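Below: one structure, written as structure tokens.
What follows is calculated from the coordinates using simple rules that are stated; it is not laboratory data. Values in this document were obtained by computation on a predicted structure and should not be read as measured data. In this analysis, Cβ positions are derived from the backbone assuming ideal geometry, glycine residues included, and neighbour counts consider all displayed protein chains.
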Amino acid sequence: MSVKETVNDFIQGVKAGKYEVVASTVDTCSGQPEFTFTVNVTKDFELLERLKEELDELWEKR
């Protein structure tokens, strides 16, 4: 997989909730931007459980 494909896959994963970016840094000391991310990987069942809890809360509020 190319670097571009890897970055695009990562971005799509963040947008979809598969990954949660918990910290990021940008280093330009070398003259080139260098990005570092700390990521929590959310498993599908964890995401579904969180969504179910949110839905239950919304039903209660309704």
Q: Would you check which residues across the stretch 36-62 are within 15 Å of the chain's Cα centre (by Cα) and either part of a strand (DSSP E or B) or loosely packed, with under 10 Cβ neighbours inside 10 Å (or both) and list them?
A: T36, F37, T38, V39, N40, V41, K43, D44
(Q) Being surrounded by 11 or more Cβ atoms within 10 Å (Cβ to Cβ) and either within 8 Å of the chain's Cα centre (by Cα) or charged (D, E, K, R) (or both) is the filter here; which residues of the stretch 11-33 pass it? (A) I11, G13, V14, G17, K18, Y19, E20, V21
**Q.** Matching residues, the stretch 12-47, being on the phi < 0 side of the Ramachandran plot and in contact with a helix residue (DSSP H, G or I) (Cβ under 7 Å, 6 or more places away or on another chain)
**A.** Y19, V21
